[in-house]
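Here it is, the structure in full.
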Amino acid sequence: MIGKTVKLNNGLTIPKIGLGTWHFPKDLVTDAVYFAITEAGYKHIDCASIYHNEPEIGQAFEKTFKNISRNQIFITSKLWNTSHNPKNVQKECEQTLKDLKLDYLDLYLMHWGIAFKPNRDFEPIDKNGYPILEDISIQQTWEAMEDLVKKGLVKSIGVANFTATQIIDLLTYAEIKPVMNQIELHPYLSQQSLVDLCHYKEIAVTAYSPLGTPANRAINDPVLMDDPIIRKIAKSHKKSPAQILLNWGIKRGTIVIPKSVNKNRIKENIDVFNLELSDKEMDKLNNLNRNQRFVDSEKWWNIPYFG
Ligand code: A2P
């Protein structure tokens, strides 16, 4: 039986399964989050200001924490690219806390290692199709995030979508080490060497889009959950392809944050601990890697962020 939490480098623990909330429609998100915590047993919710649904998630938290103690649930949010300026970091964090109706976050992540000019438009794009950038280094933003820990607004800080070189550079000056790198991970994009580097540096890794994000993929992209090898392994364990993918993610030491607004699938996605994939099955899943990125910021910003 696999343990259900991962210890972070600051001694705190994070549940291995969380509910992702990207693309959750505003009219469904409150119920989905409330159901996930109170009925399905989720203890970890992953949010971000750019998902534009934190006020609706806040309604679920307000209801939840009437009966459940706040410290039973691990809550993450993320600093958006237009708020990297140290003048704006605390302001954005406080807005997230207000929207989520919380006193503190368990984890606050720099969403991307790129600073956009502060703008009412969250993705200010110039006439040539490039984002309008701001001359703020990752170090300046990180130092402002460290202040959030010192002030008690957040318990831990980390990063998302960071590459190996960004991680290595961050570690040269971080007074407070990042506890987490949240990146896209599934068998078609296993990024084993980046996962290994993070773990070697005692940085936990969260897998976003662990099911291959079927609703967000481009029309010609493959459907991960339809992969015949994954389906065959699922059939032999009498589990769903989603459960195999999530168990694979947990077994390789990562934290997984599948998204669903469907009550049956929310329950299904946390029922993945009573399953033991063999080494041979893990090898088969590992061999599916094809460096297939479903969430590619180059399509939005024209910048080859991942090289
Ligand atoms: P739905 O919300 O209708 O359940 P990812 O986390 O990789 O981004 O994938 C999320 C997508 O996968 C959502 O569109 C979600 O749709 C769908 N999904 C979530 N859980 C399952 C599951 N257990 N089986 C099939 N599809 C799922």
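The values are calculated or read from the model by the stated rules, or taken from the named source; none is laboratory data. Everything numeric here is computed off the predicted structure, so don't read it as measured data. All Cβ positions, glycine included, derive from the backbone under ideal geometry; neighbour counts span all protein chains shown. The protein model used for the area step is the full one, side chains on, heavy atoms only, and it has no ligands, DNA or RNA in it. Shrake-Rupley method; radii C 1.70, N 1.55, O 1.52, S 1.80 Å.
Charges on Cβ only, +1 for Lys and Arg, -1 for Asp and Glu, centred on the Cα centroid of the chain; of Leu100, Asn269, Val205, which one is farthest towards the dipole's positive end?
About the Cα centre, the residue reaching furthest to the positive side is Asn269.
Amide H of Thr206 versus every other amide H placed in the peptide plane: which residues, excluding those fewer than 5 positions away on the same chain, fall under 5 Å?
Asn181, Gln182, Ile183, Ile255
Where the centroid of each part is defined by its Cα atoms, how far is region 142-165 from region 2-24 in Å?
16 Å
Another one. Pick out, from Pro15, Leu194, Gly307, the residue whose Cα sits farthest towards the positive end of the charge dipole of the chain, with +1 on the Cβ of Lys and Arg and -1 on the Cβ of Asp and Glu.
About the Cα centre, the residue reaching furthest to the positive side is Pro15.
Say the dipole of the chain comes from +1 at the beta carbon of Lys and Arg and -1 at that of Asp and Glu; which of Leu148, Ile114, Ser240 then lies farthest toward its positive end?
Ser240
What does the accessible area per residue of the chain come to in Å², with a 1.4 Å probe and no ligands, DNA or RNA counted? Numbers along the way, then the final one.
On the way: 13870 Å² over 307 residues.
Result: 45 Å² per residue.
So, in nm, how far is label Ile132 from label Lys87 when the simple model puts each one 7 Å beyond its Cα toward the Cβ?
Computed distance between label sites Ile132 and Lys87 equals 1.5 nm.
Please give the peptides 239-252, 32-45 ranked by average Cβ packing (other Cβ atoms within 10 Å per residue), highest first, as a rough proxy for protection. Display every interim value, and only then the final one.
Numbers: 239-252: 23.1, 32-45: 20.6.
The densest-packed peptide leads the list: 239-252, 32-45.
Let me ask another. Heads up, I need the accessible area for Trp300: 1.4 angstrom probe, whole protein in place, Å², nearest 10.
100 Å²
Step through the residues of region 210-221 one at a time and calculate ³J(HN,Hα) from phi using the Karplus curve (6.51 cos²θ - 1.76 cosθ + 1.60, θ = phi - 60°), rounding each to whole Hz and writing x for Gly and Pro.
Each residue's phi maps through the Karplus curve to give x, 9, x, 5, x, 6, 9, 6, 6, 4, 8, 6 Hz.
List the residues whose amide H sits under 5 Å from the amide H of Thr13, counting only those 5 or more places along or on another chain, with H placed 1.01 Å from N in the peptide plane.
Counting only residues 5 or more places away or on other chains, the set is Leu8.
Let me ask another. State, as an integer percentage, the relative contact order of the chain based on alpha-carbon contacts under 8 Å between residues 6 or more apart. Show your work: numbers first, answer last.
Details: 544 pairs, mean separation 59.1, N = 307.
Over the chain, the number comes to 19 percent.
Ranking request for peptides 156-168, 92-104, 115-127, 268-280: highest mean number of other beta-carbon atoms within 10 Å first, then the rest in descending order. Don't skip to the end; give the middle numbers.
Details: 156-168: 20.3, 92-104: 18.2, 115-127: 14.2, 268-280: 16.2.
Order by mean packing, descending: 156-168, 92-104, 268-280, 115-127.
Using the Cα centre of the chain as the reference point, and only Cβ charges (+1 on K/R, -1 on D/E), how large is the resulting charge dipole? Debye, rounded to the nearest 20. Walk me through the numbers before you get to the answer.
Numbers: 38 positive and 36 negative charges, 188 e Å.
Roughly 900 debye for the chain.
Can you give me the long-range amide H partners of Leu133? Hydrogens built in the peptide plane at 1.01 Å from N, cutoff under 5 Å, separation of 5 or more residues or another chain.
Lys117
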